[in-house]
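The values are calculated or read from the model by the stated rules, or taken from the named source; none is laboratory data. Treat the numbers as computed from the prediction; the structure is a model and nothing was measured. Don't worry about glycine lacking a Cβ; one is built from the backbone with ideal geometry, like all the others, and counts go over all protein chains shown. Side chains are part of the model used for accessible areas, which takes the heavy atoms of the whole protein and leaves out ligands, DNA and RNA. Shrake-Rupley method; radii C 1.70, N 1.55, O 1.52, S 1.80 Å.
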Amino acid sequence: ALTRSGPVSATPAGDLDRLVTGDWVAISGDDTGPATVTAMAPRRTALVRRDPGEEPAPQALAANMDQAWITHAAGHPLRAGWLDRALVVAYGSGATPVIVVTKADLAPDVGTLTDEIAALAPGVAAVVTSIIDARGLDTLGTRLQGGRCAALLGRSGAGKSSLVNALSGGTDQRTGTVRTT
């Protein structure tokens, strides 16, 4: 749990074992001992998928986010079906979807990609970014002002962790090398 005095490790009590990132909780305890999560506030938004277990059931992945950023690496083909599914998840969460084109420095013609996105997702904001030349980072930073938060959706290698690091000014997320083939 994140408190006014910083992060605190807290163990959920009773039936509060389904907490996810973004949940607002009440905790008991103090800085000298273990803390316990005693209650959870109702979620105003929730990013949900089908639980991969044997019984199909909804599984929350994140809660209380204002935006769902759908990341797509420039230079890779945009699959309409994938974008459609990501938009369904984003809209279903209750958060505002934003398409974030990452790695724009690697693509010679980002305009064609943004035209394709506009045709497939009319009315959805798209932000072109690059952590190499800082393109679009100010725009995304503005979207987070006032305590707003975003969940990032996207395929492996789309630049989600690098984007978080660039926006936070640190190395909070581990990144790896992505093959070009």
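For the reader, a short list of remarks on this structure follows.
- Qualifying residue in region 91-113 (condition: assigned to a helix (DSSP H, G or I), over 15 Å from GLY154 (Cβ atoms) and of a type in the set (Val, Ile, Thr)): yes
- Within region 148-163, residues that are of a type outside the set (Ser, Thr, Tyr) reach partners that are surrounded by fewer than 16 Cβ atoms within 10 Å (Cβ to Cβ) with beta carbons closer than 6 Å, at six or more positions or on different chains, in the pairs GLY157/VAL178.
- Members of region 4-13 found to be open to solvent by 100 Å² or more (accessible area, probe 1.4 Å) and outside any strand (DSSP E or B), listed by number: ARG4, SER9
- Region 125-136 residues that are closer than 12 Å to THR71 by Cα, paired with ones that are open to solvent by 60 Å² or more (accessible area, probe 1.4 Å) and assigned to a loop (DSSP other than H, G, I, E, B) (beta carbon under 8 Å, 6 or more apart): VAL128/ARG135; THR129/ARG135
- Only strands (runs of 3 or more DSSP E) whose full extent lies in region 14-58 are considered here, and the ones with at least 3 residues that are among the hydrophobic types (A, V, I, L, M, F, W, C) and either open to solvent by less than 50 Å² (accessible area, probe 1.4 Å) or in contact (Cβ under 8 Å) with a residue 40 or more places away in the chain (or both) are 35-40, 46-50.
- Among the conditions (1) assigned to a loop (DSSP other than H, G, I, E, B); (2) within 21 Å of PRO7 (Cα to Cα); (3) not aromatic (Phe, Trp, Tyr), LEU61 misses just one, which is (1).
- Test result for ARG44, under 17 Å from the mean Cα position of the chain (by Cα) and not acidic (Asp, Glu): yes
- Filter result (open to solvent by 40 Å² or more (accessible area, probe 1.4 Å) and free of Cβ contacts under 8 Å to residues at least 60 places away in the same chain) within region 59-75: GLN59, GLY75
- Taken over region 132-149, residues that are open to solvent by 90 Å² or more (accessible area, probe 1.4 Å), assigned to a loop (DSSP other than H, G, I, E, B) and over 21 Å from ALA74 (Cβ atoms) amount to 1.
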